[in-house]
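The values are calculated or read from the model by the stated rules, or taken from the named source; none is laboratory data. Being a predicted model, the structure only gives us computed values, none of them experimental. Every residue, glycine as well, gets a Cβ built from its backbone with ideal geometry; the counts of neighbours run over all protein chains shown. Just the protein is used for accessible areas: all its heavy atoms, side chains included, with ligands, DNA and RNA removed. Shrake-Rupley method; radii C 1.70, N 1.55, O 1.52, S 1.80 Å.
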Amino acid sequence: MIIIPNNEIAKHMLTAFFAKHWGTPEMAISSGIFRCDELDGFAAVNESGEIIGCITYTIDGKDCEIISLDSMIENKGIGTALLQQVEETAKHAHCQRIKLITTNDNVHAMAFYQKRGYQFAAVFPNAVGKARRLKPEIPEVAENGILIRDEILFSKVID
């Protein structure tokens, strides 16, 4: 596995990756819609050149916000390596905090981020309804049977 900036990957590959894993390259959260295939980020690529993980982010002043993080192979360090790459980028950009939003059903993500030093910063009850108006493809119920309705903000202070 190698990690490369998203701008070194053919745009059609990124678009196809997000379409396959999210239905569209658009990520909708209550604050708006982001085109993940147009954001800054990094991809983990295997020896065949396939994308096996991807992270996207934005930087606004002293905040870095992770918009998406996907790993196609669990427990191989792909997500951790991508997250560390963004954390290093945020440090170099003199950010003071990294933040991200996940939904209440995503218990795997909640554990993943907490193990890496991220803390619950806020809960936005019923915020997914607003995001669903922007992107109707967001399902009502997750594969694990949990209703998808709340957004949870995680943050980590950068040392």
Query raised in the report: Among the numbered criteria (1) outside any loop (DSSP other than H, G, I, E, B); (2) open to solvent by 20 Å² or more (accessible area, probe 1.4 Å); (3) touching a Lys or Arg at 6+ places or on another chain (Cβ under 7 Å), which single criterion is violated by GLN85?
Result: (3)
Report task. With respect to GLU74, determine if the residue is open to solvent by 40 Å² or more (accessible area, probe 1.4 Å), farther than 24 Å from MET13 by Cβ and of a type outside the set (A, V, I, L, M). Result -> no
Query raised in the report: Given the structure, is ILE98 in contact with a helix residue (DSSP H, G or I) (Cβ under 9 Å, 6 or more places away or on another chain) and closer than 16 Å to ILE4 by Cα?
Result: no
Query raised in the report: Of the residues that make up segment 103-115, is at least one surrounded by 14 or more Cβ atoms within 10 Å (Cβ to Cβ), within 12 Å of SER155 (Cβ to Cβ) and in contact (Cβ under 8 Å) with a residue 40 or more places away in the chain?
Result: yes
Requested in this report: List every residue pair whose Cβ atoms lie under 7 Å apart, where the two residues are 6 or more positions apart in sequence or sit on different chains, the first residue falls within segment 1-28 and is touching a residue at least 12 places away in the same chain (Cβ under 8 Å), and the second residue, located anywhere, is assigned to a helix (DSSP H, G or I) and small (Gly, Ala, Ser).
Outcome: ILE3/ALA81; PRO25/ALA19; ALA28/ALA131
Query raised in the report: If you go through segment 20-40 one residue at a time, do you hit one that is farther than 21 Å from GLY129 by Cα, of a type in the set (D, E, K, R) and not in a helix (DSSP H, G or I)?
Result: yes
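Every residue, every condition in (1) among the charged types (D, E, K, R); (2) at pLDDT below 95; (3) under 21 Å from ILE148 (Cα atoms); (4) in contact with a helix residue (DSSP H, G or I) (Cβ under 8 Å, 6 or more places away or on another chain), yes or no:
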| position | (1), (2), (3), (4) |
| --- | --- |
| ILE3 | no, no, no, yes |
| ASN6 | no, no, no, yes |
| ALA44 | no, no, no, yes |
| GLU50 | yes, yes, no, no |
| ASP60 | yes, yes, no, no |
| GLU74 | yes, yes, no, no |
| THR80 | no, no, no, no |
Query raised in the report: So ARG149 clears everything in (1) basic (Lys, Arg); (2) touching a helix residue (DSSP H, G or I) at 6+ places or on another chain (Cβ under 6 Å); (3) in a helix (DSSP H, G or I) except one condition, right? Which one?
Result: (3)
Query raised in the report: On the given criteria, is LYS99 closer than 19 Å to ILE158 by Cβ, surrounded by fewer than 14 Cβ atoms within 10 Å (Cβ to Cβ) and in contact with a Cys (Cβ under 8 Å, 6 or more places away or on another chain)?
Result: no
**Report entry** Selected residue [modelled with pLDDT under 95, in contact with a Leu (Cβ under 9 Å, 6 or more places away or on another chain), crowded, with 21+ Cβ neighbours inside 10 Å and on the phi < 0 side of the Ramachandran plot] from CYS54, CYS36
**Finding:** CYS36
Query raised in the report: Exactly one of (1) modelled with pLDDT of 95 or more; (2) over 18 Å from TYR113 (Cα atoms) is unmet by ALA28. Its number?
Result: (1)
Report task. Check whether at least one residue in segment 119-141 is modelled with pLDDT of 95 or more, within 21 Å of ALA90 (Cβ to Cβ) and surrounded by 13 or more Cβ atoms within 10 Å (Cβ to Cβ), and report yes or no. Result -> yes
